[in-house]
Amino acid sequence: MVDRTGENLVMIQFYRKSILLSIFVIIFFTIGKSQRVKVGAEVLVEKHLDSLKGKRIGIICNQTSVLPDGTYLVDTLLKLGVNIKALFAPEHGIRGNKQAGEKIDNEKDARTGLTVYSLYGGSRKPDAKMLNDIDLLIFDMQDVGARFYTYASTMAYCMIAAAENNKKFFVLDRPNPINGIDIEGPPLDLSLISFLGITPIPVRHGLTIGEIARMMIGEGYLNPSTVNLTVIPMEGWKRTMWYDETGLPWISPSPNMKTLQTATVYPGSCFFEATNISEGRGTKKPFEYIGAPKLNNKKLISKLTGLKIPGVKFSPIEFTPQGDTSAVVKPKFHNKLCKGVFIQVTDRTKFKPVITGLMILKTIRDLYPKSFVFKKGLFDRLMGDEMVSEKLEKGEVNLNSFKIFDTQISQYLQIRSKYLLY
């Protein structure tokens, strides 16, 4: 009988090494995949605190102005001895608990005792008195990747105020949650400038908030544009990333921007703000639910399915919009049962939210020409161009409707390329 003890020991050692190597490879790739993005706020604290020394600071912030461990940037900077003199509140307030459009008053922050100046009340731009005791303004808020989301406009007005009063301005960059590659919709016609858009960028612009700031200054879109601007970039963010690939926790940028799925459909479903159709406010899935009490959702879904819109499925849904003190007190069709569609994104790499939203709107309008109410002025400001509503009213809207903007998009991409940080 042959003694194979030594041979068996060699085999055991070989298998142990193989197992250890496999575990190492798994751990290595797991760590690689789990490495999270460092937002501009974190990079500021780690690497640029010296730039705040001796400065009197004002911070434009809200509930998204946190470090990845969940601590508010304001609280962290105060603990580090930074001289913060005041906070500035955008739409929804510094804690994000004010409903859309609700006026915000000046107040004292209960947590820090700091003065909070409203940028969504009587004035949307800080005045000289507000900035009298401030040397440097810091902007740190999460955008959602759609031009008509108002935080970029708040930033623009604050940069104008900084230029007028000779103050420095920092933007702490954060991810575009719906990636920095995909572009859709017409660039804003400058005749339609409003708080829903003051920069000639498309509806889905593919920029971070820091890149928007750089473009605003570099292209002279602000008056004056002589802003002493510093953008603190992120570390580890790539343009192809969606928010759920950053390793960062989702914090609702506003009460109705509940999830990344909401942000994904929002650049198109927000158009229903300009109609008498519910955009899903007052439900668990705002902007993903679209409907009205007497809407025949089976017929609507049949029409939409026949359009073969890429990357999306339309499912029947019934919902009853409920009032909420933070999201919306009295939504459309408050406490009334609505029938509608649930916009389910099946492939976000193919999904085009702007044209999808437009086609849903067009289809409902075709089905209910007498009862459909369309606020053309508001729609034009959201879309950024009057030609789309004109074609809509003539029944000429289709999946290729944005082709007429190809030349403008090409020009935009050339301009945009100068301001990309990643």
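The values are calculated or read from the model by the stated rules, or taken from the named source; none is laboratory data. This one's a predicted model, so the numbers in the text were calculated from it and none came from an experiment. A quick note on method: Cβ atoms are made from the backbone with ideal geometry, for glycine too, and the neighbour counts reach across all protein chains shown.
General observations
- All strands (runs of 3 or more DSSP E) inside the range 52-136 with 1 or more residues being among the basic types (K, R) and touching a residue at least 24 places away in the same chain (Cβ under 8 Å): 84-89
- The range 283-316 - residue that is touching an Asp or Glu at 6+ places or on another chain (Cβ under 9 Å) and over 16 Å from A263 (Cα atoms) and, of those, surrounded by the most Cβ atoms within 10 Å (Cβ to Cβ): G291
- One residue stands out in the range 214-245 among those that are outside any strand (DSSP E or B) and among the charged types (D, E, K, R): the one that is nearest to N166 (Cα to Cα), namely R214.
- Tally, over the range 237-268, of residues that are of a type in the set (G, A, S) and more than 21 Å from Q63 (Cβ to Cβ): 1
- Within the range 271-282, being surrounded by 22 or more Cβ atoms within 10 Å (Cβ to Cβ) and either without any contact (Cβ under 8 Å) to a residue 40 or more places away in the chain or out of contact with any strand residue (DSSP E or B) (no Cβ under 9 Å at 6 or more places or on another chain) (or both) holds for one residue alone: F271.
- Within the set D140, D105, D127, D133, the sole residue that is within 30 Å of L207 (Cα to Cα) and more than 23 Å from the chain's Cα centre (by Cα) turns out to be D127.
- Enumeration of residues in the range 34-61 that are within 23 Å of the chain's Cα centre (by Cα), over 20 Å from D127 (Cα atoms) and surrounded by 18 or more Cβ atoms within 10 Å (Cβ to Cβ): V37, K38, V39, G40, A41, E42, L44
- Residue in the range 203-212 that is among the basic types (K, R), under 21 Å from I355 (Cα atoms), in contact with a helix residue (DSSP H, G or I) (Cβ under 9 Å, 6 or more places away or on another chain) and outside the structural domain of K332 (by TED's automatic domain parsing) present: yes
- Subset tally (residues that are buried (at least 16 other Cβ atoms within 10 Å of the Cβ), out of contact with any Leu (no Cβ under 9 Å at 6 or more places or on another chain) and assigned to a loop (DSSP other than H, G, I, E, B)) for the range 371-420: 0
- Residue in the range 218-270 that is nearest to A156 (Cα to Cα), counting only those that are of a type in the set (D, E, K, R) and touching a residue at least 60 places away in the same chain (Cβ under 8 Å): E219
- Unmet requirement for P255, which otherwise passes all of (1) buried (at least 20 other Cβ atoms within 10 Å of the Cβ); (2) at pLDDT 95 or above: (2)
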